[in-house]
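Every read-out reported here was derived from the displayed coordinates using simple, explicitly stated rules and does not represent laboratory data. Everything quoted here is computed from the prediction, not taken from an experiment. Please note: Cβ atoms are built from the backbone with ideal geometry, for glycine as well, and neighbour counts cover all protein chains shown.
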Ligand SMILES: C[S@@+](CC[C@H](N)C(=O)[O-])C[C@H]1O[C@@H](n2cnc3c(N)ncnc32)[C@H](O)[C@@H]1O
């Protein structure tokens, strides 16, 4: 079980707040001081994750939780998934998805809901890939446990995890991560750690880590049997 701060109200408050896409198409709060939910500098991470999850697979059935700017969903579409399920809970983001016709695309199934309201009904042993990236969400552990049941043999799961490091050649970091998640990852899953080099995280991003750290780590869980 992943450690967590059990405060579901934080996510509810976030989902009730008005959001907007700024002039650069970045997703933020509609407040005097803009609070960014998703930004362009994160694009390379989304590109890499889509590759780690989809590359080499045919007729991919994928589930993505959290549409944001639709960056990862746009990359996922390049793999011509046979099923591309998207769960998005914020009304302003859902409106953007509908305006852009995401719910009309072939193979795309949109749930305009919080994942908490639909996750128990999702089909088990069904998806080749699952990605999870929400916001102000301290209930992620519930979805993480469920995701391991939804994924097929050979399928891969990844989550946005906010893990930035100085150097990927430092095996102490990856060893620590493996130790940290070790108890939670079931025997029939293999954990691997990939990375994306990010040249610069903007200071006005919401990230609490040292902005000089350049490597974002992806944790990928693959179901072996
Ligand atoms: C950081 S963005 C996702 C960015 C996305 N990966 C991309 O590539 O653009 C987080 C998204 O999760 C959505 N979200 C937050 N809480 C949610 C919940 N409980 N259920 C569904 N969506 C949620 C937010 O509205 C937002 O659109």
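Taking 0.36 nm per residue of separation and subtracting the current Cα-Cα distance, fully stretching the chain between residue 23 and residue 203 would add 63.0 nm.
Highest mean first, the peptides 59-65, 36-42 sorted by other C-beta atoms within 10 Å per residue fall in the order 59-65, 36-42. State log₁₀ I(q)/I(0) for region 34-120 at q = 0.16 Å⁻¹ as given by the Debye formula over alpha-carbon point scatterers of equal weight, solvent excluded. Here the Debye-derived log intensity ratios amount to -0.63. The fraction of all Cα pairs in region 88-203 landing in successive 5 Å bins from 0 to the largest distance is 2, 8, 16, 18, 18, 17, 11, 7, 2, 0, given as whole percents. Per the Cα gyration tensor, region 1-150 maps to an equivalent ellipsoid with semi-axes of 23, 20, 14 Å, ordered largest to smallest. Relative to the current alpha-carbon distance between residue 121 and residue 95, full extension at 0.36 nm per residue lengthens the span by 7.0 nm. Here residue 82 and residue 210 are evaluated by their C-beta separation; at R0 = 35 Å the FRET efficiency comes out at 0.25.
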